Each structure stands twice: as C-alpha cells, then as structure tokens.
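The values are calculated or read from the model by the stated rules, or taken from the named source; none is laboratory data. Since this is a predicted model, take the numbers as computed values, not measurements. Glycine also receives a Cβ, built like all others from the backbone with ideal geometry; neighbour counts cover every protein chain displayed.
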C-alpha cells in the first residue's frame, strides 16, 4: 500500500496586496481602479488550481473494509503488493539469520521472538536453507482500528523449498528436492495518519 499531504496555498495575502496597491494610489480614478483591481484578483483566484479530488480507488474486499473506512486513500492492491515483497524478504532473512536487514519492518516483540529462534537454531548447530519459489496468493482476511493503529491480518500461500541441516551437514528437516506449500497468517500494523508508509509485522502464525 503510499499517502501524501498536499498543502493548499491561500490567496488571501495576494488579494490583500492587490487591494492595497490599488486603494493606496490616489489618481482621481479610485473607483474605477478599485473595481479593476478586484476583478483581477478574482480572476487570478479563479485561475488557481482547484483542490485535487480524492483518487477513484476500486472497492476493497470485506476484510479490508475497516482500513478504507479509516483512511479513504487506502489502496488494497498497493498494500498487498508491498506485503508480498515484505513476506518474501522477511522469510528469506529469517532463514539466513539476517535479522538486521529486516528489523525496521518488525515490531519489538516479533523481532525478539525471531532473534530467540535464530539463536536457538545456531546453538543447536543447525543451519537453514530456503529457496523461495513464489507466492500463489495474498489477501486481507480481516482488519480493524485499535489504539490509533490500522491492523491488517493477511493470509499468504507460497511455495518454498526448505531444508535444515545439523552440524554434520545431514538433513534433519525438509527436502532439497521438494517444494512445500506454506500457508501463513501475518498481522501488519501502521499508525493511522502516519507519514511513514511502511507497515510493521506485529504477529505471525499459520493460516
């Protein structure tokens, strides 16, 4: 899912300047000049760009209704495109034990949980290899607004090759020649009205 605040510049200062320059000049034709000045100011105001209308976004799915209601500019397709990228990136980084590259996309609690899991894996002498084949589907299962946070519960269905090895290099889980269908349900959150367009992962689980 990105919103931009547009600052509308008022014309009051310009109009005031025009009126001052006209009314302050005493030439014997004050009435005519006053009318001409007002007409020019009005024409200038009319020629200014009108405030942009909200984008005509397609309807959202029932699961995303709370997000659109809270933010009329919420774009479900854009959100899901970003969620797909984040999902693949986070899954691959977790498998590689590289949490530093994804830390800003994780809530503190999720980061600590991932960190503990990676540490346990390393202490057990195990290593993981993952090949991401692709995402079959991604959808918003449900949404809500809580504590000024936009919450999006998102389901993913993906194909992955996952293998775990022990210290001796023996396979203890998975199969390098098998593609697994993996279903996950992740929950993302973003502060309502925040300038930062990024969402954070606040919970993980199976779909």
Taking region 168-206 and keeping residues surrounded by 11 or more Cβ atoms within 10 Å (Cβ to Cβ) and farther than 23 Å from residue 121 by Cβ leaves 187, 188, 189, 190, 191, 192, 193, 194, 197, 198, 199, 200
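Which count do you get for residues in region 106-126 that are in contact with a strand residue (DSSP E or B) (Cβ under 6 Å, 6 or more places away or on another chain) and surrounded by 17 or more Cβ atoms within 10 Å (Cβ to Cβ)?
Taking region 106-126 first, the residues in contact with a strand residue (DSSP E or B) (Cβ under 6 Å, 6 or more places away or on another chain) are 106-107, 110, 126.
After this cut, where a residue has to be surrounded by 17 or more Cβ atoms within 10 Å (Cβ to Cβ) as well, the list is 106, 110.
The qualifying residues number 2.
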Exactly one of 136, 173 is assigned to a strand (DSSP E or B) and at pLDDT below 95, and that one is 173
Note: among 139, 146, 101, just one is assigned by TED's automatic domain parsing to the domain that holds residue 82, closer than 24 Å to residue 71 by Cα, under 25 Å from the mean Cα position of the chain (by Cα) and exposed (fewer than 13 other Cβ atoms within 10 Å of the Cβ), namely 146
